[in-house]
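The values are calculated or read from the model by the stated rules, or taken from the named source; none is laboratory data. For clarity, every value in this text was computed on a predicted model and none was experimentally measured. In this analysis, Cβ positions are derived from the backbone assuming ideal geometry, glycine residues included, and neighbour counts consider all displayed protein chains. In case anyone asks, the SASA skips ligands and DNA or RNA and just uses the protein heavy atoms, side chains included. Shrake-Rupley method; radii C 1.70, N 1.55, O 1.52, S 1.80 Å.
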Amino acid sequence: MRARYGVPLGIAAVGAAGLVYSAGFEARSFRLRRVTVPVLPPGMRPLRVLQVSDIHMVSGQRKKQRWLRSLAGLRPDFVINTGDNLSDPEGVPEVLDALGPLMEFPGAYVFGSNDYYGPKFRNPARYLYEKAQGRHGLNGNAPAVGVVHNPWEDLRDGFEAAGWQNLTNTRGMLKVEGVSVELTGLDDPHIKRDRYAEVAGGPSGAADFSMGVVHAPYLRALDAFTADNYPLILAGHTHGGQICLPFYGAFVTNCDLDTDRVKGLSTHEAEGRRSYLHVSAGCGANRYTPVRFACPPEVTLLTLVGRE
């Protein structure tokens, strides 16, 4: 009997242990990552930007809320929120409470699909199937029907009451101790809400520094920002792959970005130009797949310095 069932039982035990680790420990093992990006005009003082992404707040996630509140101690120059704050229609008050101390700093935001719509269970294998078929989000898939609508208007009102700028297919400007930063944002390409034509044309020249902001790093958005000569693009959405294989990396990005750039700092080229791209692995997960493996949740503090 041992010879017949020992191996399958052993595999099941390893799988169960991995599930307990990925859901019970790693998904709650929040990290701060620091990155230096040489994008500012020479001679300009460094800027410290805190990027928060993919919180996917579910009501009752107290540890996540406490950790997010503690980040105000970093004293960033400004905060960029790259969307998917919600994974629960009841989560808006807890998102606003968790980000409350950070909203004392200048900031701006874009929304992701999970800010607009409530999540539903999906077989994780579908991400691999859709990748093989070249299908991502609504880009090639049938529009979602019967979805839950999240109260994103309440989230928007809370952010704007604190002075954070809404970058939904528009531009904004932050003033940081005498330095002007122009921000050009897009609504979420994952659900085809991006309208780059409304913000096209590149940096206006009215600011000391300009950057692009988008939730999902689809290539059409990255190409447009890069071709318009934005030196830096911030995005989220990918969760860093969420379930990764040690020494291999991510299997999927949930968009058409390649897995080599699923998280962290890289570059993007289009029409002979090059931009820095930073993709946050995010600090949450869909409430129906609350696991992470070899990809801990994170927030990133980017220090922007002068170009070499």
**Prompt:** For the chain, what does -39500 (n - 2.57) per DSSP helix run (n ≥ 4), summed and divided by total residues, give at 222 nm, in deg cm²/dmol to the nearest 500?
**Reply:** -7000 deg cm²/dmol
**Asked** Of Leu86, Val179, Tyr196, which is farthest along the charge dipole of the chain in the positive direction, counting Lys and Arg as +1 and Asp and Glu as -1 at C-beta?
**Response** Leu86
**Request:** Quick one: work out Rg over Rh on the C-alpha atoms of the chain, Rh as Kirkwood radius.
**Result:** 0.98
**Request:** Pop out the ³J(HN,Hα) list for region 241-249 in order, Karplus 6.51 cos²θ - 1.76 cosθ + 1.60 with θ = phi - 60°, rounded to Hz; leave Gly and Pro as x.
**Result:** x, 6, 10, 10, 9, x, 6, 10, x
**Fill in**
Surrounding charge for Val110, neighbours by C-beta under 14 angstrom, Lys/Arg +1, Asp/Glu -1, total -4
**Message:** What does DSSP give for the chain in terms of the percent of beta bridges that are antiparallel, rounded to the nearest 5?
**Reply:** 45 percent
**Peptide ranges 263-275, 189-201 listed from the most packed, as the mean C-beta count within 10 angstrom indicates** = 189-201, 263-275
**Prompt:** Each residue of region 207-220 in turn: what ³J(HN,Hα) in whole Hz from Karplus with 6.51, -1.76, 1.60 and θ = phi - 60°, glycine and Pro shown as x?
**Reply:** 10, 6, 7, 10, 8, x, 9, 8, 6, 9, x, 6, 4, 5
**Request:** Count charges around Val213 for me, please; just the other residues with Cβ under 12 Å from its Cβ, Lys/Arg as +1, Asp/Glu as -1.
**Result:** -3
**Request:** Quickly rank 225-232, 145-152 as a protection proxy: mean count of other C-beta atoms within 10 Å, highest first.
**Result:** 225-232, 145-152
**Complete:** Computed over region 245-308, the distribution of all Cα-Cα distances in 10 Å bins, rounded to whole %, is 16, 46, 28, 10, 1
**Asked** Per the 1.4 Å probe, what fraction of the accessible area of region 165-281, in percent, lies on carbon and sulfur atoms?
**Response** 48 percent
**Charge context of Cys244, other residues only, Cβ under 10 angstrom, K/R +1, D/E -1** = +2
**Request:** Would you mind getting the accessible area per residue of the chain, heavy atoms of the protein chains only, 1.4 Å probe, in Å²?
**Result:** 45 Å²
